[in-house]
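Peer 1: Quick one: structure below, then a few questions.
The values are calculated or read from the model by the stated rules, or taken from the named source; none is laboratory data. All values derive from a computational prediction rather than experimental measurement. No Cβ is skipped: glycine too gets one built from the backbone with ideal geometry, and neighbour counts run over all protein chains shown.
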Amino acid sequence: MKNLNLNSQNQQGFTLIELMISITLGLLVIAIASQVYLTSYNTNTVQKSSGDITASSIFGIQQLESHIRLANMGNNITRINEKTPKGGIVLSQKNVKNIGNDYLTKGGSFSDRLTIQFRNITGKTITDCEGKNIANGGRVIESYFLADGDLKCDASQNGIANLGKGAQTIIPDVEAFGLRIGAQDATGTAYMKTDDYKALKDKTDTNGNITALKPVITSIKMGLLLRGDKPITGATRENFTLLGQDVNKTSVPSVQEKYVRNVYESTSYLRNARLN
């Protein structure tokens, strides 16, 4: 039998340099794969978040707009303001007797409240914002507000007894909700905060005779800052404009969190409110 002469010079492994190069290449491959994964994940998250925001816009906002247009339905008085009995936009206890101040319409911040009322005179059963049936002839009060990161609605039929009980989410993931009163007079329509509207008076001459009545409410302009439901990586916008006001991390701290966001604004005209 031949003896095998195993020479140590023939038993060669990786040199230190070769090992370092291999490790470096391996780390580079891992880094590239990780970046591809993160980019793909971020792209998918952005697309899904944008889709979720679009879905909220299509369904929730359309429902909100349709109910705003019903405000003041069934009221014989069509020139409405904060003193109108059963006026469609609830700004005072003259609109709804004994309603709490917390439920009055307030516009001018990024967490506003819109409270409306109407009577069902359609001749058929319709639903309120909580999904409950309103019989023909029934009256409903609906109050829209932000809570727990969602736009919610609180409804009470034929009185105020059920306000504050069982509010339902109308639009999820809303970071800001603002509104402006559409005040119309003979010169046109101006959109303003609720306090500015309530401060308006009838115009009078030097003798105290009324020369022009206070503008009436004929429309509501609203704005929402909608957010996706999943966080993303990378840079995101932190500054937005909502109804002419800057939304940033100072006014709405949550905007510094990394989510996809969209601003939505619209104007809804009340069907049963007019200047003349």
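Peer 1: Can you pull out the residues in segment 261-272 that are aliphatic (A, V, I, L, M) and part of a strand (DSSP E or B)? Give the steps one after another, and end with the answer.
Peer 2: Initial filter on segment 261-272 (aliphatic (A, V, I, L, M)): 263, 270.
Once the filter is applied, which keeps residues that are aliphatic (A, V, I, L, M) and part of a strand (DSSP E or B), segment 261-272 yields only V263.
Peer 1: A further question follows. What do you reckon, is N162 under 21 Å from S66 (Cα atoms) and touching a strand residue (DSSP E or B) at 6+ places or on another chain (Cβ under 9 Å)? Talk me through it step by step, then tell me what you get.
Peer 2: On the way: under 21 Å from S66 (Cα atoms): no; touching a strand residue (DSSP E or B) at 6+ places or on another chain (Cβ under 9 Å): yes.
The answer is no for N162.
Peer 1: In the set K258, K201, K249, which member is out of contact with any strand residue (DSSP E or B) (no Cβ under 7 Å at 6 or more places or on another chain), assigned to a loop (DSSP other than H, G, I, E, B) and within 17 Å of S111 (Cα to Cα)? Spell out how you get there, then give the answer.
Peer 2: Details: K258 fails: within 17 Å of S111 (Cα to Cα); K201 fails: within 17 Å of S111 (Cα to Cα).
Criteria check complete, one pass: K249.
Peer 1: Name, by its number, the condition in (1) in contact (Cβ under 8 Å) with a residue 12 or more places away in the chain; (2) of a type in the set (G, A, S); (3) assigned to a loop (DSSP other than H, G, I, E, B) that does not hold for G208.
Peer 2: Failed condition: (1).
Peer 1: Shifting gears a bit: In the list Y259, Y264, Y269, which residue meets the criterion of being among the hydroxyl-bearing types (S, T, Y), buried (at least 20 other Cβ atoms within 10 Å of the Cβ) and on the phi < 0 side of the Ramachandran plot?
Peer 2: Answer to the selection: Y259.
Peer 1: Another question, then. Out of G228, G244, G208, I need the residue that is buried (at least 19 other Cβ atoms within 10 Å of the Cβ) and either at negative phi or small (G, A, S) (or both). Which one? Lay out the reasoning, then the answer.
Peer 2: Values: G244 fails: buried (at least 19 other Cβ atoms within 10 Å of the Cβ); G208 fails: buried (at least 19 other Cβ atoms within 10 Å of the Cβ).
Result of the check over G228, G244, G208: G228.
Peer 1: Tally time: how many residues in segment 118-161 are among the small types (G, A, S), in a strand (DSSP E or B) and either in contact (Cβ under 8 Å) with a residue 60 or more places away in the chain or surrounded by 13 or more Cβ atoms within 10 Å (Cβ to Cβ) (or both)? Before you say what the answer is, go through the steps one by one.
Peer 2: Within segment 118-161, the first condition is being among the small types (G, A, S), and the residues that meet it are 123, 131, 135, 137-138, 143, 147, 149, 155-156, 159, 161.
Applying the additional criterion that residues be in a strand (DSSP E or B) yields 143, 147, 155-156.
Narrowing the set further to residues that are either in contact (Cβ under 8 Å) with a residue 60 or more places away in the chain or surrounded by 13 or more Cβ atoms within 10 Å (Cβ to Cβ) (or both) leaves 143, 155-156.
Total meeting the criteria: 3.
Peer 1: Would you point out which residue out of K221, K230, K258 is modelled with pLDDT of 95 or more and of a type in the set (K, R)?
Peer 2: Numbers: K230 fails: modelled with pLDDT of 95 or more; K258 fails: modelled with pLDDT of 95 or more.
The unique qualifying residue is K221.
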